[in-house]
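**Student:** Handing you a structure now.
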Amino acid sequence: MKISLCKTTIFGPISGADETLLNYAVHLHQTGHDVSVVLLYPPTVDDQYLRRLQLKGINVQTIVSRSYLFACLRIVRSLLTSALFFLFFLKRAPAGLRKFWQVATRAITQLHYRHCRAFFAAQRPDILHVFTPDTGTAIMIRAGHELGIPVLYHEMGTPHHLPMLEDYYRRLEKVLPLCTEVAALSPRLAADWSKRFPFLRSVSVLPLIIEDSEKHSLNPLPPDNSTGTVFGFAARLEEGKGPLVLLDALAKVNREKPLAVARIAGMGPQLLEVKARVRELDLRDACDLVGHYSDPRLRSAFMNSLDVFVLPSLAEGTPNGVIEAMAHGIPVIASNVGGIPDIIDADSGILVPPGDATALADAMVTLANDPKRRNEMGAAARERHQKLFTPTVVVPLLLNVYHRVTGNGHSAGDIRHDNHLHPWA
């Protein structure tokens, strides 16, 4: 089968959608399929995801090899997102810059529709698998539909998204009827999508693929329990991921005595605000900002240094970080939003209301004071990862959807692995 996995570009440095696309590409390639990653615009030459795809022998193609307007816009965006610019000149820069970026990229992207259609007409893949609602999603879907190529749109987020993404979803809604099939990352998200877009015939479930932790072994950084239980956060530092909620909770946990420390991995528009909150709450001895990890080995080393993984998001789809923690046998505390309740059960973690620092602190105290429960939850989390997110259980499910989409509704047959049907099949 000739498969094109499509996105506008690779955004990095840490992107859940990029990580998902990479893992799908690698494991489809390993099963012998003709897989290409198709990008509307080229990524930066030193992008970590691009390097990893190339090292795995994945064919990466670019529809618009040179877009001077897009390149200039990317440079402007980089300059405007500098910490000094935010700090001294533009208090509300993140929201204003995001709106400017969306409007400008939409205008530029519309200029390249003919290039996109001509590219897919020449390549003639058996299926276009389009990921996440970004700038090029709509024109890729439209081009595939007009050429009679089956299109699978795969949503990486949630229909109850943050206001900053409204523009993308309004344009996506116009082209969703052109898709042969739509997929979400978990059953709860699929049900939410069916409610929001009732004109969709069905919404399939295609989970993330996260490899076993042993695949990327590195000398682990042992948890430093000399100052308390180590809680880890790994996500983009922005309001929707809740890093400030974590800091507020950490201050409550350590109010009477040092009980916990937090290791925070990530970069983003709230970095300066996070640093300011650390100083305000006097958490400098209890909080370690480690930047972002750039490859799977460093990710594994970070995860192996934790006792508990925490993600207090205000809105979510199916976060990679939670599943990566589960693959490493780490218990999870996360918000009860999006697809997270499909991932975490009572045996493998604790769910808390979004934005509730007191509830988060209570959950952190519970696990900090109970090493036995942490170990039991970690073992349950790893077992749950094995059942839901390893390549051996997800790839058969993925291929079944591909065969149904390209075969006029006919599936590939039995999608069991080792006589077990995927729980979300």
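The values are calculated or read from the model by the stated rules, or taken from the named source; none is laboratory data. Remember, it's a predicted structure, so these values are computed and weren't measured experimentally. We place every Cβ from the backbone using ideal geometry, glycine too, and count neighbours over all the protein chains shown. Heavy atoms of the whole protein, side chains included, go into the accessibility calculation; ligands, DNA and RNA do not. Shrake-Rupley method; radii C 1.70, N 1.55, O 1.52, S 1.80 Å.
**Student:** Give the residues of the stretch 394-424 that are open to solvent by 70 Å² or more (accessible area, probe 1.4 Å), touching a helix residue (DSSP H, G or I) at 6+ places or on another chain (Cβ under 9 Å) and either small (G, A, S) or modelled with pLDDT under 75 (or both), sorted by residue number.
**Tutor:** Answer for the stretch 394-424, where residues must be open to solvent by 70 Å² or more (accessible area, probe 1.4 Å), touching a helix residue (DSSP H, G or I) at 6+ places or on another chain (Cβ under 9 Å) and either small (G, A, S) or modelled with pLDDT under 75 (or both): H410, D414, R416, D418, H420.
**Student:** Another question about this same structure. Could you give every pair whose Cβ atoms fall below 6 Å, whose first residue belongs to the stretch 329-340 and is free of Cβ contacts under 8 Å to residues at least 24 places away in the same chain, and whose second residue is assigned to a strand (DSSP E or B), counting only separations of at least 6 or pairs across chains?
**Tutor:** Between residues of the stretch 329-340 that are free of Cβ contacts under 8 Å to residues at least 24 places away in the same chain and residues that are assigned to a strand (DSSP E or B), the close pairs are N336/L351.
**Student:** What is the residue count in the stretch 13-35 for residues that are touching a residue at least 40 places away in the same chain (Cβ under 8 Å), among the β-branched types (V, I, T) and either buried (at least 21 other Cβ atoms within 10 Å of the Cβ) or under 24 Å from R236 (Cα atoms) (or both)?
**Tutor:** Adding up the residues that qualify gives 2.
**Student:** Output yes when any residue across the stretch 305-325 is among the aromatic types (F, W, Y) and open to solvent by 10 Å² or more (accessible area, probe 1.4 Å), and no when none is. Spell out how you get there, then give the answer.
**Tutor:** Filtering the stretch 305-325 for residues among the aromatic types (F, W, Y) gives 309.
With open to solvent by 10 Å² or more (accessible area, probe 1.4 Å) added as a condition, the list becomes none.
No, the stretch 305-325 has no match at all.
**Student:** Would you confirm whether or not the stretch 324-331 contains a residue that is closer than 28 Å to E256 by Cα, among the aliphatic types (A, V, I, L, M), over 16 Å from the mean Cα position of the chain (by Cα) and not in a loop (DSSP other than H, G, I, E, B)? Please lay out each step first, then the result.
**Tutor:** Applying the first criterion (closer than 28 Å to E256 by Cα) to the stretch 324-331 yields 330-331.
Remaining after also requiring among the aliphatic types (A, V, I, L, M): 330.
Checking which are over 16 Å from the mean Cα position of the chain (by Cα) leaves us with 330.
Narrowing the set further to residues that are not in a loop (DSSP other than H, G, I, E, B) leaves none.
No, that holds for no residue.
**Student:** Just name the residue that is nearest to I127 (Cα to Cα) out of those in the stretch 36-53 that are open to solvent by less than 10 Å² (accessible area, probe 1.4 Å) and either under 18 Å from the mean Cα position of the chain (by Cα) or free of Cβ contacts under 8 Å to residues at least 60 places away in the same chain (or both).
**Tutor:** So, considering only residues that are open to solvent by less than 10 Å² (accessible area, probe 1.4 Å) and either under 18 Å from the mean Cα position of the chain (by Cα) or free of Cβ contacts under 8 Å to residues at least 60 places away in the same chain (or both), the one nearest to I127 (Cα to Cα) is V37.
**Student:** In the list L314, L306, which residue meets the criterion of being in contact with a strand residue (DSSP E or B) (Cβ under 6 Å, 6 or more places away or on another chain) and either under 18 Å from Q386 (Cβ atoms) or part of a loop (DSSP other than H, G, I, E, B) (or both)? Step through it out loud before you land on a result.
**Tutor:** Details: L314 fails: in contact with a strand residue (DSSP E or B) (Cβ under 6 Å, 6 or more places away or on another chain).
Exactly one of L314, L306 is in contact with a strand residue (DSSP E or B) (Cβ under 6 Å, 6 or more places away or on another chain) and either under 18 Å from Q386 (Cβ atoms) or part of a loop (DSSP other than H, G, I, E, B) (or both), namely L306.
**Student:** A further question on this structure: Which residues, counting only those in the stretch 270-294, are within 24 Å of the chain's Cα centre (by Cα), over 22 Å from R382 (Cβ atoms) and in a loop (DSSP other than H, G, I, E, B)?
**Tutor:** Residues satisfying the conditions are Q270, H292, S294.
**Student:** Does L259 count as modelled with pLDDT of 90 or more and open to solvent by less than 20 Å² (accessible area, probe 1.4 Å)?
**Tutor:** Values: modelled with pLDDT of 90 or more: yes; open to solvent by less than 20 Å² (accessible area, probe 1.4 Å): no.
Judged against the criteria, L259 is not a match.
**Student:** Does the stretch 360-375 contain at least one residue that is buried (at least 18 other Cβ atoms within 10 Å of the Cβ) and either aromatic (F, W, Y) or part of a strand (DSSP E or B) (or both)?
**Tutor:** no
**Student:** Output the residues belonging to the stretch 102-146 that are touching a Gly at 6+ places or on another chain (Cβ under 8 Å), assigned to a helix (DSSP H, G or I) and modelled with pLDDT of 95 or more.
**Tutor:** F120
**Student:** Which numbered condition trips up Q270, out of (1) surrounded by fewer than 19 Cβ atoms within 10 Å (Cβ to Cβ); (2) within 30 Å of D192 (Cα to Cα)?
**Tutor:** (1)
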